[in-house]
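Heads up, the thing below is written out as structure tokens.
The values are calculated or read from the model by the stated rules, or taken from the named source; none is laboratory data. If you're wondering where the values come from, they're calculated on a predicted model, not measured in any experiment. Virtual Cβ from ideal backbone geometry, glycine too; neighbours counted across all protein chains shown. Just the protein is used for accessible areas: all its heavy atoms, side chains included, with ligands, DNA and RNA removed. Shrake-Rupley method; radii C 1.70, N 1.55, O 1.52, S 1.80 Å.
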Protein chains: 4
Amino acid sequence: MKKREVLASVKDERLVKKRRNQMIKGAISLFKQKGFHRTTTREIAKASGFSIGTLYEYIRQKEDVLYLVCDRIYDEVHERMEKDIGTHHGTIESFKLAIARYFKVIDDLQDEVLVMYQEAKSLSKESLPYVLNKEMQMVAMFEKILQTCVNNGVFQLTEQEIQLFAHNIFVLGQMWAFRRWALQKMYTLEEYIELQTDLLLRGIMEKRS
Amino acid sequence: MKKREVLASVKDERLVKKRRNQMIKGAISLFKQKGFHRTTTREIAKASGFSIGTLYEYIRQKEDVLYLVCDRIYDEVHERMEKDIGTHHGTIESFKLAIARYFKVIDDLQDEVLVMYQEAKSLSKESLPYVLNKEMQMVAMFEKILQTCVNNGVFQLTEQEIQLFAHNIFVLGQMWAFRRWALQKMYTLEEYIELQTDLLLRGIMEKRS
Amino acid sequence: MKKREVLASVKDERLVKKRRNQMIKGAISLFKQKGFHRTTTREIAKASGFSIGTLYEYIRQKEDVLYLVCDRIYDEVHERMEKDIGTHHGTIESFKLAIARYFKVIDDLQDEVLVMYQEAKSLSKESLPYVLNKEMQMVAMFEKILQTCVNNGVFQLTEQEIQLFAHNIFVLGQMWAFRRWALQKMYTLEEYIELQTDLLLRGIMEKRS
Amino acid sequence: MKKREVLASVKDERLVKKRRNQMIKGAISLFKQKGFHRTTTREIAKASGFSIGTLYEYIRQKEDVLYLVCDRIYDEVHERMEKDIGTHHGTIESFKLAIARYFKVIDDLQDEVLVMYQEAKSLSKESLPYVLNKEMQMVAMFEKILQTCVNNGVFQLTEQEIQLFAHNIFVLGQMWAFRRWALQKMYTLEEYIELQTDLLLRGIMEKRS
DNA sequence: AATGAATGAGTCTTCATTCAT
DNA sequence: TATGAATGAAGACTCATTCAT
């Protein structure tokens, strides 16, 4: 699925990139504070360091900013994951590592993740699929990791279970961000990682044997 | 924590209740479609079956509607859970039953749950705690169930693990609603319940015994 | 052809009529001075004696004001013509009278006529036909008068000639308004009426006989 | 009356002429479609084949474009008339010919004529007189023709009648353009010319003799 | 208690014009 | 000379809230 194009009046690609970077940075910081709807285009322009007129040289409508922001956040998460995870060996250790790193990335970018999850619903019917697609790619990443483990005989999971498990990991990672008001009072990130990993891997039934 | 009071000009308590019921019903159906921000007070009034003037006899500001809606949805979930769960015996079977019923309730009320999770962030700093508190109560319910199981020796979980596990259950239930675009294409509710229950209980490591 | 409906949020028909009267009056005076495009909705509201919010209770878009104005002007011209002309006897005298009265109406309403002719083109593709239709009705009125005269044997004109002649009368009347910068320096209204009537009726060829 | 000067920053007269030609051509085609107000300077620049910055090297404000366009259209009409009419002999035949040719020119340039008549009102108080002056010159041309005929004893018209008649011819010619939505459905250009000429010359009263 | 007309601050967006390169 | 990025004033329109009836 190709990226949705956000049209700019300005032709210089380099400049477009630079200005959009400013824009995204400014917008994220505003969306964090007040959400997409309560943020005005003027505020976005100001936070981006240029005038309202200039803002509209780089986007068509306010919603484009939101799309750009969501797009960027995903790329950011993705990039960090790839850098961190890199090769995966299909061992329990490397599985644990992957989860730990995912959770760390979420922790690093928790404001951004929050923004995305709270505002993505405001995307137009046109843009939403592109963002959801990115989400599926993230989930697919976890599926692949799990599959490798299964192939190695480390885990025993059906196809269906792999899919669901991948979703669970994805969501329980985000949970660290969107339920931080509760969780981050109870655990440090390290504790959270350890506990979740345990819970996920161990099962909670007493082993009778 | 006491309910936050939403002041009404009208004195007749009976009437206030009736009108607010109309209001909540109308508002939920609108929020489902277009979200809180894109819904106007006029639309709410119309969907409620009375005039904009009357609407403001029963609330102070638009945000009050959102609070009332969130409040109501929680009550609804709570009520259904209680009716369903009732007594809990601390056995694996009754634990499974509790989860199944929670997931069913989420499935029944998925639009409402969605509304709450997507819009709660728009609550004022004043109202938010009341809603979060309700959420904690739900989590606490799962904690209690888990605790009973632990007390019965059915599960082996530390205090910390119980808390986290309760959160997980809570979130994985909601996940059925807010990721329905993906999950409900893959599983029926029954499959989802069974798979999740399995995953939660079994652990996924091969048992090397 | 039915009138195009301009939707109002306000239900009270009486009030709608009253407010629209204020609006039309205010708008005409502004359009006279600066044209439709250079007049802002705020100015229209102010000139109408109410707030911008109230203005939009009675129209949907700025263009609606223009439509309402054009519509009204035509009705005004029409009404005055009917009152004046009433019965037409098909004699030269009554033909002359009709022309004289039409020209007088144009003179009375010359600002309005000017507005209509200069701004009608800004009407949307949706509204324009309704206004053009009214224009055709005016022309048809002249056709009827001419036809009566022809039937009475007073004039000798083919069907085609009647149509064209009616258009000519219509346009030469308006000319008094939209070329007033030239004509009204040269003639009084009375002179204009007399000269035009003469020219129209007499033909300008020397009578060789 | 001298042409109003439109100042250009560029000094090279040759270039100024060339660029303005491009500009006028581009602008006319845009004004035809959407009118002066709805056309942006960016669009004009683009249609002219150069950048917005360059556009402003050749004009001071947007309105200058309109003035240039109106000016050019008049010149065009004038030029074609002169070429066509050339010498006028003061006979009925040559009078008829003059009218026929004027109407043909209008037909050829009807879009342009329309633009001018609909947009001239948007000219500033400064520019308007120059355009109106050109209009008077056109009317004067008809006056001269009529005068010659009168001098030759072909027509019997007073000074006043000549002036008015000239205006009528001028306006009935334009009418072919600005009422084309009605007239051009009813007549071909040839029919229109013949009918109008007849009506103008013959008079419509039955000849009693 | 109920109504709905009135209000005007606030929002997105456009576009003529400038100016550094 | 030519370019096009930057500007910000200005405009159309919305909508939460009030208040007289």
Exercise. Show the residue pairs that are 6+ apart or on different chains and have beta-carbon atoms under 9 Å apart, the first residue being within the range D:4-16 and more than 14 Å from D:Glu57 (Cβ to Cβ), the second being more than 12 Å from DNA strand F (Cβ to nearest atom) and open to solvent by 50 Å² or more (accessible area, probe 1.4 Å).
Key: D:Arg4/D:Glu126; D:Arg4/D:Pro129; D:Arg4/D:Tyr130
Exercise. May I ask you to verify whether A:Trp176 is within 12 Å of another protein chain (Cβ to nearest Cβ), touching a helix residue (DSSP H, G or I) at 6+ places or on another chain (Cβ under 7 Å) and in contact (Cβ under 8 Å) with a residue 60 or more places away in the chain?
Key: yes
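If only one of D:Trp176, D:Trp181 is within 15 Å of D:Lys104 (Cβ to Cβ) and either assigned by TED's automatic domain parsing to the domain that holds D:Gln110 or buried (at least 18 other Cβ atoms within 10 Å of the Cβ) (or both), which one is it?
Details: D:Trp181 fails: within 15 Å of D:Lys104 (Cβ to Cβ).
From the options D:Trp176, D:Trp181, the qualifying one is D:Trp176.
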Quiz item: Quick one: D:Glu194 ticks every box in (1) in contact (Cβ under 8 Å) with a residue 40 or more places away in the chain; (2) closer than 21 Å to C:Arg202 by Cβ; (3) not small (Gly, Ala, Ser) bar one, so which box is it?
Solution: (1)
Quiz item: Restricting attention to the range C:12-58, which residues are within 12 Å of DNA strand F (Cβ to nearest atom), of a type in the set (Val, Ile, Thr) and closer than 23 Å to D:Gly35 by Cβ?
Solution: C:Thr39, C:Thr40, C:Thr41, C:Ile44
Practice problem: Check whether at least one residue in the range D:102-111 is under 30 Å from D:Val171 (Cα atoms), outside any helix (DSSP H, G or I), of a type outside the set (S, T, N, Q) and more than 16 Å from DNA strand E (Cβ to nearest atom), and report yes or no. | Solution: yes
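Among D:Glu161, D:Glu190, D:Glu135, which is the only one that is open to solvent by 40 Å² or more (accessible area, probe 1.4 Å) and part of a helix (DSSP H, G or I)? Quick ask: steps written out before the conclusion?
On the way: D:Glu161 fails: open to solvent by 40 Å² or more (accessible area, probe 1.4 Å); D:Glu135 fails: open to solvent by 40 Å² or more (accessible area, probe 1.4 Å).
When all the criteria are applied, what remains is D:Glu190.
For the structure I just gave you, tell me whether D:Val69 is away from DNA strand F (no atom under 16 Å from the Cβ) and under 21 Å from D:Leu183 (Cβ atoms). Explain how you work it out, then say what you get.
Details: away from DNA strand F (no atom under 16 Å from the Cβ): yes; under 21 Å from D:Leu183 (Cβ atoms): no.
No; evaluated as a whole, the condition is false for this residue.
Does C:Leu66 count as within 16 Å of DNA strand E (Cβ to nearest atom) and buried (at least 20 other Cβ atoms within 10 Å of the Cβ)? Spell out the reasoning first.
Working: within 16 Å of DNA strand E (Cβ to nearest atom): no; buried (at least 20 other Cβ atoms within 10 Å of the Cβ): yes.
Here the answer is no, as C:Leu66 does not meet what is asked.
Determine, yes or no, whether B:Met81 is assigned by TED's automatic domain parsing to the domain that holds B:Ala177 and within 25 Å of B:Asn133 (Cβ to Cβ).
Numbers: assigned by TED's automatic domain parsing to the domain that holds B:Ala177: yes; within 25 Å of B:Asn133 (Cβ to Cβ): yes.
So B:Met81 fits the description; yes.
Conditions tested, residue by residue: (1) within 20 Å of the chain's Cα centre (by Cα); (2) more than 14 Å from chain D (Cβ to nearest Cβ); (3) within 10 Å of DNA strand E (Cβ to nearest atom); (4) surrounded by fewer than 15 Cβ atoms within 10 Å (Cβ to Cβ).
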{"site": "C:Met1", "(1), (2), (3), (4)": "yes, yes, no, yes"}
{"site": "C:Val10", "(1), (2), (3), (4)": "no, yes, yes, yes"}
{"site": "C:Arg19", "(1), (2), (3), (4)": "no, yes, yes, no"}
{"site": "C:Ala27", "(1), (2), (3), (4)": "yes, yes, no, no"}
{"site": "C:Gln33", "(1), (2), (3), (4)": "yes, no, no, yes"}
{"site": "C:Thr39", "(1), (2), (3), (4)": "no, no, no, no"}
{"site": "C:Ile52", "(1), (2), (3), (4)": "no, yes, yes, yes"}
{"site": "C:Tyr56", "(1), (2), (3), (4)": "no, yes, yes, no"}
{"site": "C:Arg60", "(1), (2), (3), (4)": "no, yes, no, yes"}
Quiz item: Restricting attention to the range B:155-169, which residues are over 13 Å from the mean Cα position of the chain (by Cα) and more than 7 Å from chain A (Cβ to nearest Cβ)?
Solution: B:Thr158, B:Glu159, B:Ile162, B:Ala166
Quiz item: When D:Glu76 is evaluated against the numbered criteria (1) away from DNA strand F (no atom under 16 Å from the Cβ); (2) of a type outside the set (Phe, Trp, Tyr); (3) more than 13 Å from the chain's Cα centre (by Cα), which criterion, by number, is the only one it fails?
Solution: (3)
Quiz item: Looking at A:Ala140, is it crowded, with 18+ Cβ neighbours inside 10 Å, of a type in the set (A, V, I, L, M, F, W, C), more than 9 Å from every other protein chain (Cβ to nearest Cβ) and more than 12 Å from the chain's Cα centre (by Cα)?
Solution: no
